[in-house]
1. Straight-line reach only, C-alpha to C-alpha below 18 angstrom: list the aspartates and glutamates that K730 could link to, leaving out same-chain residues fewer than 8 apart.
2. Pull out a ≥ b ≥ c, the square roots of the eigenvalues of the alpha-carbon gyration tensor of segment 680-758, then state rounded if a/c is under 1.5, prolate if not and a/b is larger than b/c, and oblate in the remaining case.
3. Leaving out same-chain residues fewer than 8 places away, which lysines sit with a Cα under 21 Å from that of K113?
4. Multiplying the sequence separation of A237 and I646 by 0.36 nm and subtracting their Cα-Cα distance, what value in nm do you get?
5. Which lysines does K239 reach when only Cα atoms under 27 Å apart count, and residues fewer than 8 places away in its own chain are ignored?
6. Mind giving me the FRET efficiency for S61 and D461? R0 is 45 Å, r the Cβ-Cβ distance, nearest 0.05 is fine.
7. Applying the Karplus parametrisation 6.51 cos²θ - 1.76 cosθ + 1.60 with θ = phi - 60° to the phi angles of segment 506-522, what ³J(HN,Hα) value in whole Hz is obtained for each residue in order, glycine and proline being reported as x?
8. First measure r as the distance between the Cβ atoms of S392 and V519, then evaluate 1/(1 + (r/R0)^6) with R0 = 30 Å and state the FRET efficiency to the nearest 0.05.
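Here, each number is a calculation from the coordinates, and none is a lab measurement. None of these values were measured; they are calculated from a predicted model. Cβ placement follows ideal geometry from the backbone for every residue including glycine, while neighbour counts extend to all protein chains displayed.
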Amino acid sequence: MLPSRCCMLDSGYLRLCLCLAGVLTAVASGSGTEGERQCRADLAALKGCSTRIAAQTACSSTLLLNKTLAREILGCDGSLSDCHRKCLDSLGSLGLPVNSTTADCTVQQQLMKQYSGSPQIVVDFIEDPESGLPRAKMVPSTLATGAGVPSFSYFGDYQRCIYGDGMQYCLVDSSVSAPAAGELKLAALMGLCRPRSCSEAAIHDDVAPLAIQAGFEEYTVDCHRSDDPLPEVEWTAGKEVALGLFAAIAGLVVSGTAWDLLRSSPRQSQAVAADREAVAAKSFLGSFLQAWSLSRNMTSFAKTRPDDGEVSFAVLDGLRVLSTLWVILGHTVIWPLLSVGYENTAMILPPYGRLTQLWFQIVPGGYFAVDTFFWLSGMLGARALHAKVKNSPTLLSVKGFCLRLYPFALLTRWLRLSLVYAFIIIFTQTWYSELGKGGLLWNASTGMSHGMGCASSIDNDTCKTYWWSNLLYINNLIPGQRVGCMAWTWYLACDMQLFLLVPLLVLIRERVGKMAGWVILLLLIVASCAANAWVIWNENLVTDPVLGSLTGSFMEDVYEVSWMRAQPYLIGIGCAWLLEAWSVGGSSGVGFRNTSLEDRGSRVLGVASGPPEPLLAGATDLHLQSRKGRFTGSCTSAFGAVLLQILSFALMCLVVFVPVTRYRCDTLQDCTHADAAPWPMYINILYGAFNHAVWALGMSGLMMLCFYRAPGTCWVTSTLGSTFWQQPMKLTYSAYLVHPLVLVFFYCQGDSSLHYLDATLIGNFFAFSTVVFLVAFVIWLAVEKPMANLCAILLGACTGRSSSNVA
């Protein structure tokens, strides 16, 4: 610290203080390594570049310098060069970083400024209450209006920067609270093109004043250069174990295929060939290897199920595939909000985006594809269990139910779902993050809220901690896990939790009585609707998964909670009971049989390797046989059947398209708050409480008509019931598990946020769907189908049934 007497006017002390100040300045400017000093000089020169260009341009204007008034102000009577020098010095005296000795802004510095991201500023002049003078208020253009979620990502030109001479591209990753978006905390990213002489730490320190001014919270800096080496694999114990597992699976597939091909070789003697299946059935090793055989599994995949009855469930094949594609369509639009982000979010969200248009409701309507899965699962699960207890009434005894039916139903369902599920979890938490490593946005927090991004939306510490909750199917019940481990698998957790009710309802219906079963089922449906209404009213939620989660907790408290989503599942169970009532011995004389053409498990328990999971390839195949070959029931006339079909379809369209009216608000913030949203609170509550049930009722009416080939349903049965759907139907479970991995990988390979266009949406949807089902096909052949075969072997061993020909 300089002596306090430096403040005195004594000339001796003044000269000494000036000398000390000069020495300290020289020491400060010369501290650090040569590289650090060069970096500081380069950054200082870069900061004043724009000002120096403007000053040089103004002071080099002959028109200005020849003006008499300008010469008088500058005090120059000589040549133009003298006036130019005095002009620069005058601007410097006003505090600008320029004078007659300052170096010009080089072309390289100008390019670095152009390649850096910069927010577009809108200047609004407001009156200063103290001085009464207009004061400039600078606001980013994305905050100037209420159109959409404001964007705080400014990437600049990554490619040109990293290939520029002496340049490097540095991405500042942070978050900022946006008042215009309510309580939402948004990701904030800024690309800076900076001199190569600077380290990441130096640029981090240099960005500090800008970060404070922009309201950035904790931020990181990640710099990229054109000559950066390829990122190295960070080997961990988990990666080594996973790699060993993948190698073992590949070895088993090769061994099983080779074994199967050798056993089927024409060079074998006729005696051995004739006895091949019997030997395989007795040999555990042979059955185990056979389960992995590509040739057998390919044959199983190509096999089509004959529609041998005039009334059947063939329409469910197409329904499963189209519902899966509907989910992919919705996530094609929604997932970038959770990962790479949109630069023109206003093109999608209210008050002017695509959500306010009627045709676009097809995209958010994909939420009802999940209700279709719930409905299918409830209907098939109840159907299979009823068939089992009809064939084995002892399962309804206390011992039979507690020791056989209930535990074995849960075990087979858990095995069928969890083995391939665990494989995907292992892959996502070990090797998935390596796929896009080194990409600009791969590890950035690019989503709508900080902490959500590209790789982090798949591979994250939460999943590494709570992976077990996914395999126990309670991941939707753990606070903070919603966006953690494979967030989209909340559906599997809800479905498994709801399946716990099915054996109990079957027991009540068969032991207590059909009327008691219907009463309890209806009470559960009413309770689920009432729970939705209560939570929505109590927490003042907007009943939309996207808008209701921007500033509320609709996803955590309603959308992903099993008892809130139970209506379609329970209505599906009711449909199974109606079908059972119309079976042989029922009112209509319609018979049914339960067959499984591909999975041994359904022979063991009726619910084994084909559990009531609508996404599974091996779900139980159910056929109805009609004595009369036509629809029998209350709607026996063609007019009645067509009218019921129209009513069912209208109910489904109603819940899909009516939400367009709630998106037409004045600002996005209005749409995210129930009190300011276009819908009155009572409509908001009614829709939230009953939309899932209404969809399921419409689905039930339409599908029941299709099951009996009612008049006017040929457009559904001929489309959804085509054998074309039978092969892709087998891939739907794996496709559901892996589709976000495909979306994130392709979305996050770019060097900027996405720009939404309708044509791009259509192209991405078809491209992603193709890749997803190709990946699902590989997983089905190598993991899912072999695991289903092994489950059949295990269940056959447990029950003493033959498990040959598992493929």
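1. Cross-link targets: D307, D317, E598, D599, E613, D621, E784.
2. Numbers: a/c = 2.69, a/b = 1.28, b/c = 2.11.
Taking the square roots of the gyration eigenvalues as a ≥ b ≥ c, segment 680-758 is oblate.
3. K47
4. Working: separation 409, 0.36 × 409 = 147.24 nm, distance 5.82 nm.
Taking 0.36 nm per residue and subtracting the Cα distance, the gain is 141.4 nm.
5. K437, K464, K785
6. With a Förster radius of 45 Å, E is 0.15.
7. 4, 4, 4, 5, 7, 9, 8, x, 5, 5, 4, x, 5, 4, 5, 4, 5
8. 0.70
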